[in-house]
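Notes for the one structure printed next.
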């Protein structure tokens, strides 16, 4: 009866509940020891609802997409792509209608940042917060390039490599994240003094880096080969513009000029 009410009142807005209930009913029917005649009667009653589900699902897609596009537009964002992966700037929205959720990823499904309900206004708010956090963090080109070169030299030494050789980008990130910590953390390295700096911040800062030369060496970012894209721990996705294009980078080297 409850599923009948849901389908009669507003099947589009109740779609997720209808689908969930249908799965539950079918599972119960399969496991039950009901008389075959009764079972058949219930299945016949549910058949028109089952046949309508693809049509309702399509309507839910369209309705959600239009509402999300409008909410994003009002905040100055542009929606691109196709279900289940929609694109907004540097981010991918991984839409899961089954679970009624959206996962917000950095780049093409590279780093998961947030999961939220399929509510356009909530998605836009979370996206704004994430984008502001990534793009409005304090940044100075000269300081960043100095720390980057220093992190490269330390990572080279730890890996028994010479200056000018390729060093894994994740190894450089590990050194970089420590170098940028305040003196308060370095003198007493406890959790609440640590300044968060993860792979997304690093990737975005590498994208906006302008100063390519340091101490007569030029930075080269090495595009990941197939072997280095097998594991996410072996590369980083670095944006090449604000539209969401980018490259998979596995190593960095500072080449002598």
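The values are calculated or read from the model by the stated rules, or taken from the named source; none is laboratory data. Remember, predicted model here, so these are calculated numbers, not experimental data. Cβ atoms come from the backbone with ideal geometry, glycine included; neighbour counts cover every protein chain shown.
Looking only at region 108-143, residues that are more than 24 Å from residue 232 (Cα to Cα) and assigned to a helix (DSSP H, G or I) come to 13 in all.
Is one or more of the residues making up region 173-193 assigned to a helix (DSSP H, G or I) and touching a strand residue (DSSP E or B) at 6+ places or on another chain (Cβ under 9 Å)?
To start, the set of residues in region 173-193 that are assigned to a helix (DSSP H, G or I) comprises 173-179, 183-187, 191-193.
From what's left, touching a strand residue (DSSP E or B) at 6+ places or on another chain (Cβ under 9 Å): 173.
Yes.
Is it fair to say residue 135 is touching a strand residue (DSSP E or B) at 6+ places or on another chain (Cβ under 6 Å), exposed (fewer than 15 other Cβ atoms within 10 Å of the Cβ) and at pLDDT below 95? In short, no.
Taking region 153-172 as the range and being touching a helix residue (DSSP H, G or I) at 6+ places or on another chain (Cβ under 8 Å) and touching a residue at least 12 places away in the same chain (Cβ under 8 Å) as the test, the residues that pass are 154, 155, 158, 159, 163, 165, 167, 168, 170, 171, 172.
The helices (runs of 4 or more DSSP H) found entirely in region 1-93 that carry 1 or more residues being in contact with a strand residue (DSSP E or B) (Cβ under 7 Å, 6 or more places away or on another chain) and modelled with pLDDT of 70 or more are 36-74.
Being within 29 Å of residue 80 (Cα to Cα) and either at pLDDT 95 or above or assigned by TED's automatic domain parsing to the domain that holds residue 149 (or both) is a property that does not hold for residue 189. The residue list 211, 150, 121, 175 contains one member that is in the same structural domain as residue 62 (by TED's automatic domain parsing) and in contact with a helix residue (DSSP H, G or I) (Cβ under 7 Å, 6 or more places away or on another chain), which is 121. Flag: residue 242 matches the condition of being closer than 16 Å to residue 135 by Cα and not assigned by TED's automatic domain parsing to the domain that holds residue 90.
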